[in-house]
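These notes are about the structure you will find just below.
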Amino acid sequence: AGVTVIEGLKMMQESTENKVLRKSIYNVQVNVEKGETLANAMALEGKVFPDLLINMVAAGEATGNLSVAFERICVQFEKDMKLKSMITSAMIYPIVVLVVAVVVVIILMAKVIPSFQEIFDMLEGQLPLPTRIVIAVSDFVVANLVWVIGGIIAVIGIIAYAKNTESGKQITSRMCLKIPIIKDFSIKNASAKFSMTMSTLVMSGVPLVEALGIVANVVENRVVRKVLNDAREDVMQGIPMSEPIEASGVFPMMVHHMLRIGEETGNVEQMLEKVAVYYEDEVEVATKNLTTAMEPAVICLLAVVVGGIVGAIVMPMMQIYSLAA
């Protein structure tokens with residue numbers, strides 16, 4: 001709109017509610033006034049601004065197309081948010097159902113099963129094996145209820161912590177590429193992220209080698225990240241990017257085919273943009289498929305667990321009714 005960078009930063013400070021971000025924008029403004037480039041001033045704020053944004057701004061400043069760079073990065077972040085929101089929506093339902101299942105099982109074991117204990121004691125003969133197992137588990141839960149709940153919370157905490165460590169990310173990344181339904185989603189999501197980000201960076205004038213390094217840090221899957229870092233090393237040696245991408249066996253054929261066409265015609269960024277558009281739609285379909293598959297799977301799991309406990313309670317009752325008849 002013709003507003004200078006410094007004036008734009010001042011306006012952003014006034015309209016930003018987040019205090020940390022507002023302070024960082026002020027620091028950026030001060031450093032720009034001192035003579036720093038906008039990209040360098042943003043980089044001085046640590047992790048407040050994403051590397052992708054900083055590199056895009058640097059490329060925009062170098063080419064004199066800062067407004068175009070901001071427009072492209074805005075579109076990029078909007079697409080990223082759309083993908084993340086779809087993934088989050090897909091995971092909410094199974095997580096809620098699993099939490100409900102755990103709560104229901106604890107209530108059954110701690111409250112319901114003990115109320116049937118007197119009836120079980122009245123039965124002559126040995127109780128069915130499933131009933132004995134359920135009673136033994138119930139007795140353990142009642143005697144150690146605090147420890148059981150604490151153990152469940154501790155396990156969840158350990159998993160959450162391990163998931164955020166590098167070793168945990170390596171393990172989950174490999175698992176995501178091996179489990180059939182999740183594998184399809186993970187590969188398409190990585191393909192969309194790679195194509196979309198590479199296209200945005202190359203179009204903004206970021207060198208190919210530098211762009212590959214940035215994209216590698218943007219992609220969350222550690223297996224895919226290693227593939228991109230290896231591809232970067234190959235590109236530095238003069239090898240076309242499509243060759244290591246194809247040799248990795250991680251990305252779909254369409255990705256490296258379109259890359260090769262782009263390299264041959266000199267339109268890599270345009271080919272990547274087309275691939276990004278295609279896989280964004282594919283990710284949306286894969287997310288719906290994943291959600292559709294997980295819903296009945298989680299319900300079946302809940303039915304088996306709760307139904308098994310109820311069945312173990314009912315079996316001795318059936319014996320009483322048969323004897324009475």
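Among the residues of segment 9-21, the ones that are under 17 Å from Ala41 (Cα atoms) and under 28 Å from the mean Cα position of the chain (by Cα) come to 2 in all.
Check Lys47, Lys79 and return the single one that is of a type in the set (Lys, Arg) and either open to solvent by less than 60 Å² (accessible area, probe 1.4 Å) or in contact with a helix residue (DSSP H, G or I) (Cβ under 9 Å, 6 or more places away or on another chain) (or both).
Lys79
A Cβ distance below 9 Å, combined with a sequence gap of six or more or placement on separate chains, defines the contacts here; from segment 113-132, residues that are open to solvent by less than 50 Å² (accessible area, probe 1.4 Å) reach residues that are assigned to a loop (DSSP other than H, G, I, E, B) and modelled with pLDDT under 80 in the pairs Phe120/Leu127.
Summed over segment 226-266, residues that are open to solvent by less than 50 Å² (accessible area, probe 1.4 Å) and closer than 17 Å to Leu208 by Cα total 14. Pairs meeting the criteria (first residue in segment 193-218 and in contact (Cβ under 8 Å) with a residue 60 or more places away in the chain and part of a helix (DSSP H, G or I), second residue open to solvent by 40 Å² or more (accessible area, probe 1.4 Å) and of a type in the set (A, V, I, L, M, F, W, C), beta carbons under 8 Å, at least 6 apart or on different chains) are Thr200/Val75; Val202/Leu208. Restricting attention to segment 152-165, the residues that are open to solvent by less than 90 Å² (accessible area, probe 1.4 Å) and part of a helix (DSSP H, G or I) total 6. For segment 166-178, enumerate the residues that are closer than 17 Å to Ala286 by Cα and open to solvent by less than 70 Å² (accessible area, probe 1.4 Å). Those that are closer than 17 Å to Ala286 by Cα and open to solvent by less than 70 Å² (accessible area, probe 1.4 Å): Cys176, Leu177.
Within segment 271-290, restricting attention to residues that are within 19 Å of Val206 (Cβ to Cβ) and touching a residue at least 40 places away in the same chain (Cβ under 8 Å), which residue is most open to solvent (accessible area, probe 1.4 Å)? Only one residue fits best here, namely Glu273. Given the structure, is Glu17 open to solvent by 80 Å² or more (accessible area, probe 1.4 Å), among the acidic types (Asp, Glu), more than 30 Å from Ile182 (Cα to Cα) and at pLDDT 85 or above? Yes: the conditions hold for Glu17. Quick one: is Leu38 open to solvent by 60 Å² or more (accessible area, probe 1.4 Å) and within 20 Å of Glu61 (Cβ to Cβ)? Answer is no for this residue.
The values are calculated or read from the model by the stated rules, or taken from the named source; none is laboratory data. This is a predicted model, so every value here is computed, not measured. Note: ideal-geometry Cβ built from the backbone for every residue, glycine included; neighbour counts use all protein chains shown. Surface accessibility is based on the protein's heavy atoms, side chains included, excluding ligands, DNA and RNA. Shrake-Rupley method; radii C 1.70, N 1.55, O 1.52, S 1.80 Å.
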